[in-house]
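Engineer: Let me give you the structure first, and then I'll get to my questions.
Nothing in this text is a laboratory measurement; each read-out follows from the coordinates by a stated rule. These numbers were taken from a predicted model, which means no experiment stands behind them. Because the Cβ atoms are built from the backbone with ideal geometry, glycine has one as well, and the counts that use them run over all protein chains shown.
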Amino acid sequence: MAAFTIFSLFFVGAAVIAQIDDGNNHFLHVLCTELHATPVGQTYNSTDAAMDGCVETDTCIGFKRIAENVYQRLYGLTGYEFDDTQDYFLWDKSNGETYPNAPSLLDTKILPAIYPTSQCPIRFDVISTPTTLCRGSITSDICYSYPTYMAPQYDGTNCHVLTKQSILDKWA
């Protein structure tokens, strides 16, 4: 089954290679996939240094190679697209969880990065009624860059997406 999963990712345009920093944190070298995230902070001269820099903050989602032996941390993931020219490393916080109704194995790795610290993405808050929605004051373009399984909707002022738990319940 694992061979089929890796073949499936290769088939749709992405390959994932695991790397581990100090044995506790897993980073996936996501090939042929562009992560829609914001580069932030200093640059690093090796993948090991970038991994160490990333694990120092709970909002880091991974890092990107921006030049030969130059890497920069990423935050604020909104989604991804297949692109054979990109070189990203995603911090895998999925704890190995898989879901039978998830769109893909890659999406099970992406979801915890979009929701790194709570039930809502960064810059979003849970709406009290219903508690299955998050609301954030972001642009329409950013709102609709989230994956369709998050059901993004822009109302002219705010973006609304499903909470992390709502998505996991649908994937179960």
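Engineer: With no solvent and one point per C-alpha, what does the Debye sum give as log10 I(q)/I(0) for region 108-153 at q = 0.19 Å⁻¹?
Structural biologist: Summing over Cα pairs of region 108-153 leads to -0.60.
Engineer: Here's something else I'd like to know. Among the aspartates and glutamates, select those whose C-alpha is under 19 Å from the C-alpha of Lys93, and discard any that sit fewer than 8 residues away in the same chain.
Structural biologist: Filter leaves Asp21, Asp22, Glu34, Asp48, Asp52, Glu56, Asp58, Asp107, Asp169.
Engineer: Once amide H atoms are built 1.01 Å from N in the peptide plane, which residues 5 or more positions from Trp91, or in another chain, come under 5 Å H to H?
Structural biologist: Amide H to amide H, under 5 Å and 5 or more residues apart or across chains, Trp91 pairs with Leu28, Gly62, Phe63.
Engineer: Separate question: How high is the FRET efficiency between Ala49 and Asn24 when r is their beta carbon distance and R₀ equals 22 Å, given to the nearest 0.05?
Structural biologist: The value I calculate is 0.85.
Engineer: Do any trypsin sites (Lys or Arg not before Pro) in region 77-153 lie in a DSSP loop with no more than 14 other beta carbon atoms within 10 Å, and if so, which?
Structural biologist: Sparse-neighbourhood loop trypsin sites (Lys or Arg not before Pro): Arg123.
Engineer: Quickly estimate the mean residue ellipticity at 222 nm for the chain, helices only: each DSSP H run with n ≥ 4 gives -39500 (n - 2.57), and the total goes over all residues, rounded to 500.
Structural biologist: -6000 deg cm²/dmol
Engineer: Continuing with this model, one more query. Mean separation of Cα pairs under 8 Å and 6+ residues apart, divided by the residue count of the chain: what relative contact order is that in percent?
Structural biologist: Worked out over the chain, it gives 18 percent.
Engineer: Cysteines without a disulfide-compatible partner in the chain, using Cβ under 4.7 Å as the rule?
Structural biologist: So far as the 4.7 Å Cβ criterion goes, Cys32 stand without a partner in the chain.
Engineer: What range in the chain is the longest one free of GluC sites (Glu not before Pro) that are in a loop by DSSP and have at most 12 other Cβ atoms within 10 angstrom?
Structural biologist: It runs 69-172.
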